[in-house]
Structure formats: structure tokens, C-alpha cells
């Protein structure tokens, strides 16, 4: 029996592989030219908010790399239905400017069209993240 991974599951797996390896140029290749990107959260958290372009996403990746040290990042499950995928997991990051760590679960919803991510909505515990940024 042969199984085929859905487009969203395949792209999500590659996204997490490249992101985990620090291959940000490779990550950017996975995104469409125009993206519906949203990471809701407090304004004091520099990576939250809406983005639309690869340049915006590059700024996000650079900001995250400069702002936090990852202590743990685990993807527990990827659920996919054709072009839609949801990744569920957890992470612990240390905010470099405050030295405070935060841990939380996350859910990431992506949509893949023509092999590229055109929707990226990340949900994390924004209160825990904001608390780690407070002096």
C-alpha cells in the first residue's frame, strides 16, 4: 500500500525541518509572494501582527532569531485535509533582553496553494509571551 502525504502536511513538514535547521532562505522559498500571515499578540512582543510579503516574513524570522533562544520546540501532530494543515505542539523560549522564559502550546494553521504557503496563522499563549517581555 502506498500513502501520499497531503500538500499541506508535506509543506508543513518541510517548513519545520528548514525552520529548525535555521535555513531561513529555505523557509522563505515555501511562501507565496502574497501571504495572509497573522500571529496575534501584545504590542510589546515584536513578532506579533499581520504580514503580507516575503520581505515581511524575513523580518519576522530575523526578529525571532534576535529576540529569543529556543530551549524546546516540539511538533506533536500535523493534521491535514488537502491544502489545509494544522500543526499542534509546544515550545519554550527565553527572551534574550529580559532573561525570562515562557512555555506554551501552539496551533499553526496553514493553507498551501501550488506548493506554497499562502495562509499562516499562529496561535500561542500571548499572555505568557507578553509577561516574559515585561521588565
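In Å, the Kirkwood hydrodynamic radius of the chain over pairs of distinct alpha carbons?
15.3 Å is the Kirkwood radius here.
Give me the angle, in degrees from 0 to 90, between the Cα long axis of helix 7-20 and the longest principal axis of the Cα atoms of the chain, rounded to the nearest 10.
For helix 7-20, the angle is close to 40 degrees.
If you line up the long axis of helix 54-67 against the longest principal axis of the chain, both from Cα atoms, how many degrees apart are they, to the nearest 10?
40
Counting each DSSP H run of 4 or more residues in the chain as -39500 (n - 2.57), what helix-only mean residue ellipticity at 222 nm follows after dividing by all residues, to the nearest 500 deg cm²/dmol?
Helices in the chain give a 222 nm mean residue ellipticity of -9500 deg cm²/dmol.
Take every Cα pair under 8 Å in the chain that's 6+ residues apart, average their separations, divide by the length, and report that relative contact order as a whole percent.
27
On the principal axes of its Cα set, how long, how wide and how thick is the stretch 55-123? Give whole Å, largest value first.
The Cα atoms of the stretch 55-123 stretch 41, 29, 14 Å along their principal axes.
Only the coordinates and a few stated rules stand behind these numbers; no lab work does. Bear in mind that the values here come from a model prediction, so they are computed numbers and not experimental data.
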